[in-house]
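Quick note: the coordinates plus some simple rules give every number you see, no bench work behind them. Since the model is a prediction, treat every value here as computed from it, not as a measurement. Here the Cβ positions follow ideal geometry from the backbone for every residue, glycine too, while neighbour counts run over all protein chains shown.
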């Protein structure tokens, strides 16, 4: 659905994007992460036709974002970080105006649809300038959905919302996946874990990681990590665990509690459980340990900055 190849962007002599390439499949929700100034907003503005790249190519649904700009704009809904709302208009009139720009045929039906989807039906006749920041953000999301686009590009969609509103918007975004292709940029990393199927991390204009959270964890850890707790392990339990083929490290973190690291692409949980049962150690706990998305993000962006 979205194809980006060799995208490069200069602002004067400053390199903002450095040969960026990636793709997003139809119906996929991609988490787009990076520190401030990494190139996220530049990439999203190029994909939505707001600015041209210095070189490279970007396509949406097979249409070039600049050669076929009108075709792309018909298929993309964009929520920028700072939503360009008209504060003197009512919510209904603003959405009606945006629907007319997108040449929506049945505007009232489209307005009712997005008012309900975004939970703003109770303020449809309210002047936008009198709305809270949370409501204004939801009006911005409604305008991105008004023309029922195939692709959504969302830059910080839950910024300024209260916890209940955040949950509601997350559920909305998740429900839109499958029907629509979504790029979600946010600084709220747990949001990505809850909503997105895949993560792309950009730093200093270059992609430093692209995969599922689980696979990124395995790559950075070097292999699956497993925590084991026994009723009573012998003194040489650490040595016995190390003898298992495919185990690269064993750390004793408390009495009868160990953390075991497997070789890449190796899962030894079945053998570890069998060992504990056969030896009569009494297995109380066994679970895999994963890095949080925050840890992955910090490790990748810190390594990139210091390399």
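Tabulated data
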| item | result |
| --- | --- |
| Using a Förster distance of 41 Å, the FRET efficiency for residue 148-residue 263 (Cβ separation, nearest 0.05) | 0.25 |
| FRET efficiency, residue 175 to residue 278 (Cβ-Cβ, R0 30 Å, nearest 0.05) | 0.05 |
| FRET efficiency, residue 124 to residue 187 (Cβ-Cβ, R0 35 Å, nearest 0.05) | 0.70 |
| Spin-label zone in the stretch 117-141 - amide nitrogen under 13 Å from a point set 7 Å from the Cα of residue 162 along the C-beta vector | 132-135 |
| Distance histogram for the stretch 64-161 (every C-alpha pair counted, 10 angstrom bins, percent rounded to whole numbers) | 17, 50, 28, 5, 0 |
| Cα coordinate range in the stretch 222-291, projected on the principal axes (Å, largest first) | 29, 22, 17 |
| For the stretch 2-211, convex hull volume per residue from C-alpha positions, Å³ | 116 |
| The stretch 38-108: C-alpha pair distances exceeding 17 Å, % | 53 |
| Spin-label proximity, residue 295 to the stretch 250-282 - amide N less than 13 Å from point 7 Å beyond Cα toward beta carbon | 259-261 |
| Acute angle (nearest 10 degrees) that the helix 107-117 long axis makes with the longest principal axis of the chain, alpha-carbon atoms | 30 |
| Principal-axis tilt of helix 269-279 within the chain, Cα atoms, nearest 10 degrees | 30 |
| Relative contact order %, the stretch 176-307, counting alpha carbon pairs below 8 Å whose residues are six or more apart | 27 |
| If the convex hull is drawn through the Cα atoms of the stretch 14-71, its volume per residue in Å³ | 93 |
| Length added when fully stretched, residue 81-residue 51, from 0.36 nm per residue minus Cα-Cα | 9.2 nm |
| Value of relative contact order over the stretch 2-211, rounded to a whole percent, pairs C-alpha under 8 Å and six or more apart | 30 |
| Sorted peptide list for 140-153, 168-181, 273-286, criterion being average Cβ within 10 angstrom, highest first | 140-153, 168-181, 273-286 |
| Relative contact order (percent, whole number), the stretch 73-135, Cα cutoff 8 Å, 6+ residue spacing | 44 |
| Helix axis angle, 91-101 relative to the chain longest principal axis, alpha carbon, degrees | 80 |
| Extension gain (nm, one decimal) between residue 287 and residue 11, 0.36 nm per residue minus Cα-Cα | 94.5 nm |
